[in-house]
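The values are calculated or read from the model by the stated rules, or taken from the named source; none is laboratory data. Every value quoted in this text rests on a predicted model; they were computed, and no experiment measured them. All Cβ positions, glycine included, derive from the backbone under ideal geometry; neighbour counts span all protein chains shown.
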Amino acid sequence: MNARISEIFYSLQGEGSHQGLPCIFIRHGHCGLRCHYCDSKYTWNKWKEIPLLDVLEKISTYPCRLVQITGGEPLEDPASLPLMNQLIEKGYDLLLETGGHCPIAKVPKEVTIILDIKTPASGEHEKNLWDNIPLLKIKDEIKFVICNEKDYLWSKNIIDEKLKNFKGTVLLSPANPGLSPKQLAEWMLRDSIRGKLQIQLHKLLWGNKRGV
């Protein structure tokens, strides 16, 4: 089986609870969403069909056991689930970043899911698959990318209403570029929101470029 792979690289994890840890990134190509702030638009139509064995061989060259499956949208690639299962069998710790519009029911329980709930300014919030929320585990994370105060207030309402029973980490990330992290922090403090401010570490270190 071949996977749609845009790139594979080794860097520091820039987001979430694993921020700052060395990590191997497997970035799948293609995504059915068109979020205006997307920082990996090159994945929408640029990827190669790569056999899973070649993917496994490539990541084995890196001195690391933490792997993030990302995209594009990995769950739109039929090869992503078999790839995850093979990585688990080989003893890797897996993170999956998904846009929230694809079902997660078949994702192996060993995988930590980072589910992106799309806000109104993304232009894709009507595609959020809310049935995914009850399937999330305590180790999983939910992320909101915030573009403006309207996005923030919408996200706060979702946290209060739809995430009442979610026990994992809720991340609020300012769109980069677009929203000042300081401004988002001030809104969060004002409202004592149940969430954690997330700033993209890799962009602070290396800027907005590929392969980091």
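Against the conditions (1) modelled with pLDDT of 95 or more; (2) crowded, with 18+ Cβ neighbours inside 10 Å; (3) not acidic (D, E), L153 satisfies every one except (2). Restricting attention to segment 74-96, report how many residues are touching a Pro at 6+ places or on another chain (Cβ under 7 Å) and under 15 Å from V55 (Cα atoms). Selection size over segment 74-96: 4.
Of all residue pairs spaced 6 or more apart or on separate chains, those with beta-carbon atoms under 6 Å, a first member in segment 47-75 that is free of Cβ contacts under 8 Å to residues at least 60 places away in the same chain and a second member that is among the hydroxyl-bearing types (S, T, Y) are W47/S6; Y62/Y10; R65/Y92; V67/Y92; P74/S80; L75/T98. Could you identify the single residue in Q200, Q183 that is of a type in the set (S, T, N, Q), within 15 Å of the chain's Cα centre (by Cα) and surrounded by fewer than 18 Cβ atoms within 10 Å (Cβ to Cβ)? One residue alone meets the criteria, Q200. Looking only at residues in segment 26-46 that are over 15 Å from L75 (Cα atoms) and not charged (D, E, K, R), the one that is modelled with the highest pLDDT is C35. Scanning segment 18-28 turns up at least one residue that is part of a loop (DSSP other than H, G, I, E, B) and either crowded, with 16+ Cβ neighbours inside 10 Å or among the polar types (S, T, N, Q) (or both). The set of residues in segment 81-100 that are farther than 14 Å from L66 by Cβ and surrounded by fewer than 22 Cβ atoms within 10 Å (Cβ to Cβ) comprises L81, P82, N85, Q86, E89.
Filtering segment 29-39 to residues that are surrounded by fewer than 19 Cβ atoms within 10 Å (Cβ to Cβ) and either assigned to a helix (DSSP H, G or I) or touching a strand residue (DSSP E or B) at 6+ places or on another chain (Cβ under 7 Å) (or both) leaves H30, Y37.
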